[in-house]
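Report on the following structure.
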Amino acid sequence: MTDEALELTRTLIQRESVTPADGGCQKLIGERLAAAGFAVEHLRFGEVDNLWAVAGDSGPLLCFAGHTDVVPPGPLDDWAQGPFEATVEDGWLIGRGAADMKSSVAAMVCAAERFRDRHPDHPGRLAFLLTSDEEGPAVDGTRAVMQWLGERDITIDYCLVGEPSSSDTLGDTVKNGRRGSLNGHARVKGRQGHVAYPHKADNALHRLLALLADLAAHRWDDGDEFFPPTSFQVSNLNAGTGAENVIPGVAEARFNWRFNPRQDEASIRAHVEQRCEAHGIDTESIQWRLSGSPFITREGALIDATRAAILSQTGVDTLLSTAGGTSDGRFIAPTGAQVLELGPLNDTIHQANERIPAEDVARLSHIYEDIVARLLN
Ligand SMILES: [Zn+2]
């Protein structure tokens, strides 16, 4: 038996698509889905290719979501084979996108084809939301498609994102949420002077350090069943002229919070601004950038179907996790959709010689098909 999902993965890897390029991946996928009875829309926003496809007329909408773009391969000398050759060797599929996430996209397409073939009159709707801008700024990708869907009153009930979620064996971990990420950049001003005449100067670094120590010692919350406590980390600190006898007039720091749903941007900022006042720092000296709000699917039919499908296809009892960076799920969950991320092993993502067990592509495809069959029946 030929492994259709593996063959499609190899074809997609060979279509080089470093963000925001799509390399013709979505054209090929669109043709396959159209042949399986999907209404396909190619949505180009800015320089980003996106695809929306749906089959079925009414009822619960289950959407496969993912991206066709990949991160750059890095130095080619670090690769044993060309990153876009999609080599299969000793049971491994090797290439850029093997894990993140052309294998998931191919597994989803083949799962949809088989499901539509076996259940031509299935209830509900099956959809695809693909973008070529997940690894980049993520402005004209999933976020823009969600806005486009909102304008058409299309809402997603269940969303399965193909991000590589597995740790040691396929299906052992499913992401049911992600922490939020908030960035701060402080630029505290004082007055430069001679260290021998401190009364004539105002040490910006002393005040900034006091604020940072205060924030680092603060316990923001205790987390909950699914999330660890909110964490604050200083990532950059700059001040001073290099001379030993000059009091710095300006001090800068960059810092980040990874936060759970017990916090939001407003609660964190309110605390920081109150501490700024305590340390004589103008609250205007901090600039803020929210990368993503936290999201969580605590329970529901999607979790039940996914757990049951993984157990039935692999014998693995899956673990729900919110660890790791943020994902495009952050744009889908706020509309009320149940969102889960399930994909292949993630230990080599964004590395040279990115790889997964070749047999896992077909296994993943069968898990996906099983989930669809449990939800749309
Ligand atoms: Zn990814």
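Where a number appears in this text, it was derived from the coordinates with a stated rule and is not lab data. Remember, it's a predicted structure, so these values are computed and weren't measured experimentally. Cβ atoms come from the backbone with ideal geometry, glycine included; neighbour counts cover every protein chain shown.
Packing order of peptides 308-317, 58-67, highest average first: 58-67, 308-317 (average count of other Cβ atoms within 10 Å over each peptide's residues).
Annotation: the antiparallel percentage among DSSP beta bridges lying fully within the chain is about 70.
Taking a sphere under 11 Å around the Cβ of Ala55 and counting the other residues whose Cβ falls inside, with K and R at +1 and D and E at -1, yields a net charge of 0. Mean residue ellipticity, 222 nm, helices only, the chain: the sum of -39500 (n - 2.57) across DSSP H runs of n ≥ 4, divided by residue count and rounded to 500, is -9500 deg cm²/dmol. Summarising the strand pairing of the stretch 54-144, around 40 percent of its internal DSSP beta bridges are antiparallel. Express in whole angstrom the spacing between the alpha-carbon centres of the stretch 287-302 and the stretch 72-130. Centre-to-centre (Cα) distance: 26 Å.
In a simple Cβ point-charge model (Lys, Arg +1; Asp, Glu -1; nothing else charged), the chain has a dipole of about 1140 debye relative to its Cα centre. Among 113-123, 4-14, the peptide with the highest mean count of other Cβ atoms within 10 Å heads the list, and the full ranking is 4-14, 113-123. Net charge in the neighbourhood of Pro73 (other residues with Cβ under 15 Å of its Cβ; Lys, Arg +1, Asp, Glu -1) is -4.
Angle of helix 102-118 to the longest C-alpha principal axis of the chain, folded into 0 to 90 degrees and rounded to 10: 40°. Charged side chains reduced to their Cβ positions (Lys and Arg at +1, Asp and Glu at -1) give the stretch 180-292 a dipole of some 400 debye around its Cα centre. Taking other C-beta atoms within 10 Å as the exposure proxy, Ser17, Ser235, Ser285 rank Ser235, Ser285, Ser17 from fewest upward. For the pair Lys189 and Arg219, label points projected 7 Å from Cα toward Cβ lie 3.9 nm apart. Ignoring lysines fewer than eight residues from Lys175 along the same chain, the ones with Cα atoms less than 27 angstrom from its Cα are Lys102. Toward the positive end of the charge dipole of the stretch 180-292, with +1 on the Cβ of Lys and Arg and -1 on the Cβ of Asp and Glu, the farthest Cα among His194, Val234, Ala251 is that of His194.
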